[in-house]
1. What about VAL205, is it modelled with pLDDT of 75 or more and over 27 Å from LEU17 (Cα atoms)?
2. So which residues in the range 17-46 are at pLDDT 90 or above and among the hydroxyl-bearing types (Ser, Thr, Tyr), if there are any at all?
3. From the list SER40, SER74, pick out the single residue that is in a helix (DSSP H, G or I) and out of contact with any helix residue (DSSP H, G or I) (no Cβ under 7 Å at 6 or more places or on another chain).
4. Residue check, LEU146 against (1) out of contact with any strand residue (DSSP E or B) (no Cβ under 6 Å at 6 or more places or on another chain); (2) in contact (Cβ under 8 Å) with a residue 40 or more places away in the chain, all met but one. Which one?
5. Need at least 2 residues that are over 30 Å from THR245 (Cβ atoms) per element, so show me which helices (runs of 4 or more DSSP H) inside the range 118-197 make the cut, counting only ones lying wholly within it.
6. Of all residues being in contact with a strand residue (DSSP E or B) (Cβ under 7 Å, 6 or more places away or on another chain) and in a helix (DSSP H, G or I) in the range 85-111, which is surrounded by the most Cβ atoms within 10 Å (Cβ to Cβ)? Just the residue, please.
7. Would you point out which residue out of THR77, THR91, THR83, THR147 is of a type in the set (Val, Ile, Thr), in contact with a Ser or Thr (Cβ under 7 Å, 6 or more places away or on another chain) and under 29 Å from MET199 (Cβ atoms)?
8. Going through LEU222, LEU213 one at a time, which residue ends up being open to solvent by 50 Å² or more (accessible area, probe 1.4 Å), assigned to a helix (DSSP H, G or I), modelled with pLDDT under 85 and not hydroxyl-bearing (Ser, Thr, Tyr)?
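The values are calculated or read from the model by the stated rules, or taken from the named source; none is laboratory data. Predicted model, so just to flag it, every value in this text is computed and none were measured. Positions of Cβ are backbone-derived with ideal geometry, glycine not excepted, and every protein chain shown enters the neighbour counts. The area values use the complete protein model at the heavy-atom level, side chains included, leaving out ligands, DNA and RNA. Shrake-Rupley method; radii C 1.70, N 1.55, O 1.52, S 1.80 Å.
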Amino acid sequence: MDKGNVSTVSEFVLLGLCHSWNMQVLFLILFFMLYLIIVSGNVFIVILIITDSHLHSPMYFLLANLSFVDMWLSSVTTPKMITDFLRENKTISFGGCMCQILYVHFVGGGEMVLLVVMAYDRYVAICKPLHYSTIMSLQKCTGLALTSWSIGFVHAMSQMAVIVQLPFCGPREIDSFFCDIPLVIKLACIDSYNLGILMNADSGVLAMTCFILLLISYTYILLTIHQSSKTGASKALSTCTAHITVVVLFFGPCIFIYVWPLSITWVDKFLAVFYSVITPLLNPAIYTLRNKEIKDAMKRFRSYYMHYK
């Protein structure tokens, strides 16, 4: 295509979740409250793990990283969605759209790898308990966390290297509340079918690789738990149940968006809301409500606060 004859799109129009003004007001209140809970809940978990010496272990170091990632993932899209409920013209600049794509895939890709790292931590703790302190040292945990961030960054940059070079000349309407690669590619002034498959495959390979590694890890863990004593098995199973629940909640929507897309608009919007709002909301609840050590740390924190006050 002769790019000299293409008028460049400077902004995109986000169609949002719905068109009804009453529904938008309802969603505004709902998502604003949920976002406050997400931020405050994840920040509290990070502060609790940092300040409580009883939680200075590899598992909680990785949990603090997950809480930070969840908070960031939600912050990439949710504030923009909330403010758009108040606006008649829901536009986003080309640069802002590219930034959303970059950070969603950076943070999302990093979280996928981080969940694998957390599964590996549980595998070592349950299957090789005598070597746990040696294998999961602070240096090793820091390296694994940095690896998850690095893989997320490389994944995001591989997507951006293609997206930013596409010609956009109209239409410019995105039927969602944020910019995502499958929707933005459809707006390019080229035959984007094969490119869309390729870009989805990029995200799909990362998602499926992480998901398969998680399945293998938890299969070994569950087999080991099955052979353990009832007392030890009960605690280990409780911890792993929380991890597995988080994995299913996060990877389920990702698989249906990038690996096995349904191409049904309302379903895509629901899945996008689920992994960008609901999952970061549920993660703190899942890990705190099912974890005795976190509950004890919260009691110590409350006692210390009341004593200080």
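1. yes
2. Across the range 17-46, the qualifying residues are TYR35, SER40.
3. Every option except SER40 fails the conditions.
4. Going through (1) out of contact with any strand residue (DSSP E or B) (no Cβ under 6 Å at 6 or more places or on another chain); (2) in contact (Cβ under 8 Å) with a residue 40 or more places away in the chain one by one, LEU146 breaks only (2).
5. 138-163, 181-185
6. CYS97
7. THR77
8. LEU222
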